[in-house]
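Data first, discussion second: the structure below is written as structure tokens.
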Amino acid sequence: MKFAHFSDVHLGSWSSSPELRSMAVLAFEKAVDISLSEKADFIVISGDLFDTPMPAYDILAASARILKKCHDAGVRVYVVPGSHDYSPSDKTFITVMENAGLLTNVAKPEETETSIKLHFTEDASGAKITGIMGKAGALERDYFRRLEREELEKQQGFKIFVFHSAIEEFRPKHLKDMAAVPLGMLPKNFDYYAAGHVHVPSEEGGIIFPGVLFPTEVPEMESYDSAIRIVEDGKIRRVSVKLFEVETISTNADAKNPSDVEKELIAGVQQLELNGKLLIVKASGILNAGNPSDISFAAIKEAGIRKGAFSVKKNFMGISSREYEQNKESSSLSIEAIEDKVAEEFCVTKTFPKEKEMARNVMYSLNDEKQEGETVHAFEERVRENMKRVLGL
Ligand SMILES: [Mn+2]
């Protein structure tokens, strides 16, 4: 038995950066091509195949075309929805693909009043696969809490558990505040734990996080080194799917003016050979005057493109002005952390233990956009339906 495992593909990411948006699709195609040429029996994708539940048309067309390659080669594809492509109303493109026979969603928890029951999907190779989807704000933790483990653990054969959650004990240092599931909550006696959500690769404790297949933000891009896992007879092999090299240039902005920083970065870029590379320009420190936004990124970008870079991105997160310093406290929090803070502040969690989770779900459901081609009516219906589910109406 041989299978491929990867995660966090985020098809449709980089929506405002066309050259990188198509790269995410290319990374997926490369991962699939490698899996097919390795003659894998099946592919496991542990969540976030898509960046949103209903991606744009071109992403849908490309993903169907690529998944059909697997179908035509007789290679089965097993997925769980992740925090990005999960939808409370089940209106996710994962379901469309499953109905078309192009993949199987192995996360179909059976909910009773008190517990969650999972069922195995048996692959033609004999592997038995099951899992739990990810949800926004790590709300899937409730599933782990109520999971009926005994039957899963007793089941014989080669078993794969697929999930999309951070593990509390194995969180990378810079993500230590990320909501996570304690290791002890995973069902035991599985032969392979296919994990996603944490974009940094890790194999700690035998839990395999392959890492992001294509970086979704600039800081991730700085350490771009994506790979898939090929698993054969219990042996795990890493195969690179890196599409291009990344060059980073950085400068210290302390006590400088925005125009000085700009000139320094441009001069630095002119020393580089960037043929086909992605360039990241970085600056950190506290400006003497003006704001980080006074640094003309357009001019730096142009210099990078002239030296052959196919894309230029900036990371000015470490740069600030005196003015900006005062607001730093709130601006350095992630959207998720801010939402969590608000929910914490306004929910009487002791009286209604589920209130906070519900508040997170409400925020998540309302943070939806009308899709290309979707009518206003259909959009409103979708939001209304998601809200009804979240509120249990
Ligand atoms: Mn992800």
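The values are calculated or read from the model by the stated rules, or taken from the named source; none is laboratory data. Every value quoted in this text rests on a predicted model; they were computed, and no experiment measured them. Using ideal geometry, Cβ is built from the backbone for each residue, glycine included, and neighbour counts are taken over all protein chains shown.
Just a few scattered comments:
- For segment 191-207, filtered to residues that are assigned to a loop (DSSP other than H, G, I, E, B) and in contact with a helix residue (DSSP H, G or I) (Cβ under 9 Å, 6 or more places away or on another chain), the residue that is farthest from the ligand (Cβ to nearest atom) is V200.
- Subset tally (residues that are more than 15 Å from the ligand (Cβ to nearest atom) and either surrounded by fewer than 23 Cβ atoms within 10 Å (Cβ to Cβ) or acidic (D, E) (or both)) for segment 71-86: 7
- Residue match in segment 180-190 (condition: assigned by TED's automatic domain parsing to the domain that holds L36, within 15 Å of the ligand (Cβ to nearest atom) and touching a strand residue (DSSP E or B) at 6+ places or on another chain (Cβ under 8 Å)): yes
- Options S17, S13, S22, S35: the member that is buried (at least 20 other Cβ atoms within 10 Å of the Cβ) and away from the ligand (no atom under 16 Å from the Cβ): S35
- Selected residue [over 24 Å from S226 (Cβ atoms), at pLDDT 95 or above and either surrounded by 23 or more Cβ atoms within 10 Å (Cβ to Cβ) or of a type in the set (F, W, Y) (or both)] from F28, F42, F120, F50: F120
- Elements of type strands (runs of 3 or more DSSP E) in segment 208-325, at least 2 residues being under 30 Å from F190 (Cβ atoms) and not hydrophobic (A, V, I, L, M, F, W, C): 227-232, 235-240
- Check on V162, touching a residue at least 40 places away in the same chain (Cβ under 8 Å), in contact with a Gly (Cβ under 9 Å, 6 or more places away or on another chain) and either assigned by TED's automatic domain parsing to the domain that holds K341 or among the β-branched types (V, I, T) (or both): yes
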